[in-house]
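Asks: A single structure is presented below for examination.
The values are calculated or read from the model by the stated rules, or taken from the named source; none is laboratory data. What you are looking at is a predicted structure, and each value in this text was computed from that prediction instead of being measured. Cβ coordinates were reconstructed from backbone atoms using ideal geometry, including for glycine residues, and neighbour counts include every protein chain displayed.
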Amino acid sequence: GLFPIAAWRECTRQALGLKGIGQWTADSLQMDDPDLVEQIRTRVLPRRGIWVSPDEILITLGAQNALYLLASLFVTPQTTVAMEDPGYPDVRNIFALKTDKILPIAVDDGGLPVDKRLDACDMVFVTPSHQFPTTVTMPAVRREALLRRAADSNFLVVEDDYEFETNYIGRPTPALKSMDEAGRVIYVGSLSKTLFPGLRLGYLVGSKAMIAEARALRRLMMRHAPNNNQRTTALFLSLGHHDALVRRLHRVYRTRWQAMDGALSRHLPESARAPNFGGTSVWVRGPDGLDAEALAERALDEGIVIEPGHVNFASEPRPRNFFRLGFSAIPEERIEPGIRLLAELVHSSKTGRG
């Protein structure tokens, strides 16, 4: 495996030792582990071009919990929220719990288009580093336009910095938040993506006043994230294990990404893909007439897992021929034969055979 289990185990042993027993056994009411906040503030966020004080950071149970807090704080039945289409269905559903005024905007090769449709919005949700699910990156000039529009039209921007560390061509683009001089961007990050999904640790970055409100709301929901997980993660970060893991993941994912790109070009040349430079998945538009849900069932019988894409679309009718291919858990040597077999299934689906 890619994850350094021995290092994590040692951090857990240290974090849960007698010396720190008072820190991880106590109920912290609404406070976060100061060591973890400091590691995020000094190690993680500066890599994104973000410099903040400790009281501008809130630890959450993953990015999704952060988004639910924001929806609860800012969204009322009168609030209009613009979202990327296709986009992350759980985020759309979170905001839909609070308002019917969800405005899906079709993304292009540069992510969310910035135009007059945003002027009537109160909040805009974006994944500019790697748009979910297309994985396209929003160019700097469009980011600047989005921030100008936010100031002119008086809306908030929620930035989910999804998979920022997986850029395989050049350096990662700085976060939208790093360009935000007016304080209109609320930043959502996650440690679960690089460490392990079950960790459920994320963070919110915003103004001191906003973080104080979010902290008070979080206290009513769950007080704080588990102290033992926070302290273990803080140690893991401080000892450099996270930095080493990110470098290792980047190296391995890059070769898998190249293998996936080559295999798709050879075996499914008629499929369309957005121009992407990273991420841990590929968003594929199959041939017209393809039913990706039926394809997913047939592929599973052959040991291939694909994710039908229709659930990511908000606007009806939802296209049926899109699907998502993840490669973070697939050894490089299995990608080529897997895509070759998938291509056979796509072609037989299209011609009605099988």
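Asks: Of all residues being modelled with pLDDT of 85 or more and basic (Lys, Arg) in segment 267-303, which is surrounded by the fewest Cβ atoms within 10 Å (Cβ to Cβ)? Just the residue, please.
Replies: It comes out as 298.
Asks: Looking at segment 327-335, can you tell me whether even one residue there is more than 17 Å from residue 268 (Cβ to Cβ) and either of a type in the set (Phe, Trp, Tyr) or in the same structural domain as residue 135 (by TED's automatic domain parsing) (or both)?
Replies: Checked segment 327-335: no residue is more than 17 Å from residue 268 (Cβ to Cβ) and either of a type in the set (Phe, Trp, Tyr) or in the same structural domain as residue 135 (by TED's automatic domain parsing) (or both).
Asks: Now, a different point. So the check is Cβ under 6 Å with 6+ separation or different chains; which pairs have a first residue in segment 227-256 that's closer than 17 Å to residue 196 by Cβ and a second one that's of a type in the set (Phe, Trp, Tyr)?
Replies: Once the first residue is closer than 17 Å to residue 196 by Cβ and sits in segment 227-256, its partners that are of a type in the set (Phe, Trp, Tyr) give 228/24; 231/24; 242/236.
Asks: When only residues in segment 105-119 that are surrounded by fewer than 22 Cβ atoms within 10 Å (Cβ to Cβ) and among the small types (Gly, Ala, Ser) count, which is farthest from the chain's Cα centre (by Cα)?
Replies: 106
Asks: May I pose another question? Could you grab me the full set of residues in segment 151-174 that are in contact with a strand residue (DSSP E or B) (Cβ under 6 Å, 6 or more places away or on another chain) and surrounded by 22 or more Cβ atoms within 10 Å (Cβ to Cβ)?
Replies: 157, 158, 159, 160, 161, 166
Asks: Here are the criteria: (1) more than 28 Å from residue 193 (Cα to Cα); (2) in contact (Cβ under 8 Å) with a residue 40 or more places away in the chain. Tell me which single one residue 322 does not satisfy.
Replies: Unmet condition: (1).
Asks: Mind checking which residues of segment 2-25 are in a loop (DSSP other than H, G, I, E, B) and either in contact (Cβ under 8 Å) with a residue 12 or more places away in the chain or not assigned by TED's automatic domain parsing to the domain that holds residue 234 (or both)?
Replies: Within segment 2-25, 2, 3, 4, 16 qualify.
Asks: Which condition from (1) buried (at least 22 other Cβ atoms within 10 Å of the Cβ); (2) farther than 20 Å from residue 328 by Cα; (3) out of contact with any Lys or Arg (no Cβ under 9 Å at 6 or more places or on another chain); (4) of a type outside the set (D, E, K, R) is the one that residue 137 breaks?
Replies: Among (1) buried (at least 22 other Cβ atoms within 10 Å of the Cβ); (2) farther than 20 Å from residue 328 by Cα; (3) out of contact with any Lys or Arg (no Cβ under 9 Å at 6 or more places or on another chain); (4) of a type outside the set (D, E, K, R), residue 137 violates only (2).
Asks: Anything in segment 92-104 that is buried (at least 16 other Cβ atoms within 10 Å of the Cβ) and either within 27 Å of residue 32 (Cβ to Cβ) or of a type in the set (Val, Ile, Thr) (or both)? List them, or say none.
Replies: If the condition is that a residue be buried (at least 16 other Cβ atoms within 10 Å of the Cβ) and either within 27 Å of residue 32 (Cβ to Cβ) or of a type in the set (Val, Ile, Thr) (or both), then 94, 95, 98, 99, 102 are the ones that fit.
Asks: Here is a further query. May I ask you to verify whether residue 206 is surrounded by 15 or more Cβ atoms within 10 Å (Cβ to Cβ), assigned by TED's automatic domain parsing to the domain that holds residue 34 and closer than 25 Å to residue 139 by Cβ?
Replies: Criteria met by residue 206.
Asks: Does residue 198 meet the test of being closer than 24 Å to residue 246 by Cβ, under 19 Å from the mean Cα position of the chain (by Cα) and either buried (at least 20 other Cβ atoms within 10 Å of the Cβ) or touching a residue at least 40 places away in the same chain (Cβ under 8 Å) (or both)?
Replies: Taking the combined requirement at face value, the residue does not satisfy it.
Asks: Could you check segment 328-339 and list, in sequence order, the residues that are surrounded by 14 or more Cβ atoms within 10 Å (Cβ to Cβ) and either more than 17 Å from residue 278 (Cα to Cα) or touching a Leu at 6+ places or on another chain (Cβ under 6 Å) (or both)?
Replies: 334, 336, 338, 339 - these are the residues of segment 328-339 that are surrounded by 14 or more Cβ atoms within 10 Å (Cβ to Cβ) and either more than 17 Å from residue 278 (Cα to Cα) or touching a Leu at 6+ places or on another chain (Cβ under 6 Å) (or both).
Asks: Could you please find all residues in segment 52-91 being surrounded by fewer than 21 Cβ atoms within 10 Å (Cβ to Cβ) and within 15 Å of residue 133 (Cβ to Cβ)?
Replies: Within segment 52-91, 85, 89, 90 meet the criteria.
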